[in-house]
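Q: One structure coming up, written as structure tokens, with questions to follow.
The values are calculated or read from the model by the stated rules, or taken from the named source; none is laboratory data. The structure displayed is predicted, hence computed values, not measured ones. Positions of Cβ are backbone-derived with ideal geometry, glycine not excepted, and every protein chain shown enters the neighbour counts. These accessible areas exclude ligands, DNA and RNA; they are computed on the full protein's heavy atoms, side chains included. Shrake-Rupley method; radii C 1.70, N 1.55, O 1.52, S 1.80 Å.
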Amino acid sequence: MKRVYVDELKPGDKLAWPVYLGSGEILLEAGKVLTEEDIDRLHEWRIVEVLVEGYDELERELEEEKILKEVFREAHRQAVEHSKRILRRFSKNERVNREEIEKVVLDTLENLSINKDVLLAISTYLKGKEEYLFTHSVNTMVTSLAIGGYLGYDRERLELIGIGAILHDVGLIQLSERRKIRDEDDFKEHPEVGLKIIRSLIPNVHPIIANIVLEHHERKNGSGYPNGLRGNEIATEAMIVGVADVFERLTSPNFGDRKLSPFEAMKYILSHTSELFDVRVVEALMRVMVIYPLGSLVRLSTGEIGRVAASTDNPFRPKVNIIFDRFGKPMEKVVRIDLTAEGNRKLFITEVLDESELDLDFARELAGER
């Protein structure tokens, strides 16, 4: 189905969705083949647009995205399993070839080039229920590579950022498996433990990788650890992984009092940018994740409810898949609205909704559980 302005309708067009009056009363039923008189009635009632049947580009897009979700979900599972084997070997002080780590990074870069939005949705919502740190490493890598790609880094630098992101918590994994984390001070040892591990197991480890492992918890105002670095003392690549790490942790049920929605996590990062994070890195995160991160359930100024489906050049105006009409009735088919399109310039997002209140669970949908 597609959304058509009433001025563009012609006799013979078939309604794909009922036309409601402001009172909720149905003016024209779904399936109605429009006549000149019907179109005149729509004008009389000042109806601006309707949904009509017919194949359009959206149907092809949605089918491609459905397939990609299945493919990327499996790729994500394999990346986690591969990373688990690598990180466990590191934590046991067993040598690992750099090529083994590069495979996960290169596959991720390829998938980002195919469809960044679908892959970011997978990494944002699919969390490890057990042995969380392995999934966390993969998800942090995906977001880090997306940020680096937006900043225009070349292939070699992106590979190094990806490897650093995969390995950034290797010290924490070793400490956890050896049950040596008793309090916060023990936790804060993990960057230095991680650096020691990779220096002993990776010959001539690249400085970018080493900096990421050591500095991903450093913060712009000097409040981070292990060395309390400030501002430009922190490697940009470490700040990229640090911001991705924070976003990943905030949206996970394994950390803190409660899991934040991606929107809430973005608000937290934005509110702390001036003191904690690199402005350019946070701006890049906003551009790849958008202000309303992928999968966020939002209400439009029309009253319709949808999910953020894809990013655009304007982080405040993403593409949204409408799933409930303005009367709260579920759509039979998805309608996608690009808020940057000329015809939609008067539409805007009014609020982000709690999906549990509508009995929705995007993470389960992505996981193929329903």
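Q: Only residues in the stretch 234-245 that are more than 16 Å from G149 (Cα to Cα) count as the first member; pair them with residues that are open to solvent by 10 Å² or more (accessible area, probe 1.4 Å) and modelled with pLDDT of 95 or more, Cβ under 6 angstrom, at least 6 apart or cross-chain, and list the lot.
A: Cβ pairs passing all conditions: I234/E215; A235/N211; A235/E215.
Q: Separate question: Across the stretch 360-370, which residue is farthest from E304 (Cα to Cα) among those that are in a loop (DSSP other than H, G, I, E, B) and either open to solvent by less than 40 Å² (accessible area, probe 1.4 Å) or in contact with a Leu (Cβ under 9 Å, 6 or more places away or on another chain) (or both)?
A: Filtering first and then ranking leaves A367.
Q: Separate question: Which of the residues belonging to the stretch 87-135 are more than 15 Å from R155 (Cα to Cα) and among the polar types (S, T, N, Q)?
A: S91, N93, N97, N115, S123, T124, T135
Q: What do you reckon, is I197 over 22 Å from the mean Cα position of the chain (by Cα) and assigned to a helix (DSSP H, G or I)?
A: Answer is yes for this residue.
Q: Here is a list of conditions, (1) open to solvent by less than 60 Å² (accessible area, probe 1.4 Å); (2) farther than 24 Å from V50 by Cβ; (3) not in a helix (DSSP H, G or I), and F316 meets all of them except one; can you say which number that is?
A: With (1) open to solvent by less than 60 Å² (accessible area, probe 1.4 Å); (2) farther than 24 Å from V50 by Cβ; (3) not in a helix (DSSP H, G or I) applied to F316, the lone miss is (1).
Q: Can I ask one more? How many residues, within the stretch 216-255, are charged (D, E, K, R), under 24 Å from the mean Cα position of the chain (by Cα) and either closer than 20 Å to F187 by Cα or surrounded by fewer than 23 Cβ atoms within 10 Å (Cβ to Cβ) (or both)?
A: Qualifying residue count, the stretch 216-255: 5.
Each row is one residue, and each column tells you yes or no for (1) assigned to a helix (DSSP H, G or I); (2) modelled with pLDDT under 90; (3) out of contact with any helix residue (DSSP H, G or I) (no Cβ under 6 Å at 6 or more places or on another chain).
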| position | (1), (2), (3) |
| --- | --- |
| K267 | yes, no, yes |
| S274 | yes, no, yes |
| R280 | yes, no, yes |
| P293 | no, yes, no |
| G303 | no, no, yes |
| T312 | no, yes, yes |
| I323 | no, no, yes |
| F327 | no, yes, yes |
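Q: Ok, one more. When both residues are 6+ apart or on different chains and their Cβ atoms are under 8 Å apart, which pairs have a first residue that lies in the stretch 341-359 and is among the aliphatic types (A, V, I, L, M) and open to solvent by 100 Å² or more (accessible area, probe 1.4 Å), and a second that is at pLDDT 85 or above and part of a strand (DSSP E or B)?
A: Within 8 Å, no pair qualifies.
Q: Is the stretch 159-170 home to any residue that is under 16 Å from I101 (Cβ atoms), in contact (Cβ under 8 Å) with a residue 24 or more places away in the chain, open to solvent by 30 Å² or more (accessible area, probe 1.4 Å) and not in a loop (DSSP other than H, G, I, E, B)?
A: Within the stretch 159-170, one or more residues are under 16 Å from I101 (Cβ atoms), in contact (Cβ under 8 Å) with a residue 24 or more places away in the chain, open to solvent by 30 Å² or more (accessible area, probe 1.4 Å) and not in a loop (DSSP other than H, G, I, E, B).
Q: If you don't mind, another one. Just to be sure, is I122 exposed (fewer than 15 other Cβ atoms within 10 Å of the Cβ), assigned to a helix (DSSP H, G or I) and of a type in the set (A, V, I, L, M)?
A: no
Q: Taking the stated definitions as given, is L276 in contact (Cβ under 8 Å) with a residue 12 or more places away in the chain, open to solvent by 40 Å² or more (accessible area, probe 1.4 Å), more than 19 Å from L68 (Cα to Cα) and among the aliphatic types (A, V, I, L, M)?
A: no
Q: If you don't mind, another one. For the stretch 77-105, enumerate the residues that are open to solvent by 40 Å² or more (accessible area, probe 1.4 Å) and assigned to a loop (DSSP other than H, G, I, E, B).
A: K92, N93, E94, R95, N97, listed by residue number.
Residue by residue, here is whether (1) out of contact with any Gly (no Cβ under 6 Å at 6 or more places or on another chain); (2) of a type in the set (F, W, Y); (3) within 23 Å of A367 (Cα to Cα) holds:
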position: V104; (1), (2), (3): yes, no, yes
position: T108; (1), (2), (3): yes, no, yes
position: N115; (1), (2), (3): yes, no, yes
position: Y132; (1), (2), (3): yes, yes, yes
position: T143; (1), (2), (3): yes, no, yes
position: L151; (1), (2), (3): yes, no, no
position: D154; (1), (2), (3): yes, no, no
position: I166; (1), (2), (3): yes, no, yes
position: V170; (1), (2), (3): no, no, no
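Q: Enumerate the pairs (first residue in the stretch 187-215 and without any contact (Cβ under 8 Å) to a residue 40 or more places away in the chain; second residue anywhere and of a type in the set (S, T, Y) and open to solvent by 10 Å² or more (accessible area, probe 1.4 Å)) with beta-carbon separation below 6 Å, excluding pairs fewer than 6 apart on the same chain, so at least 6 apart or on different chains.
A: Listed pairs, sorted by first residue: K188/Y225.
Q: Next question. Could you run through the stretch 129-155 and say how many residues are open to solvent by 20 Å² or more (accessible area, probe 1.4 Å), in contact (Cβ under 8 Å) with a residue 40 or more places away in the chain and of a type outside the set (D, E, K, R)?
A: The total comes to 4.
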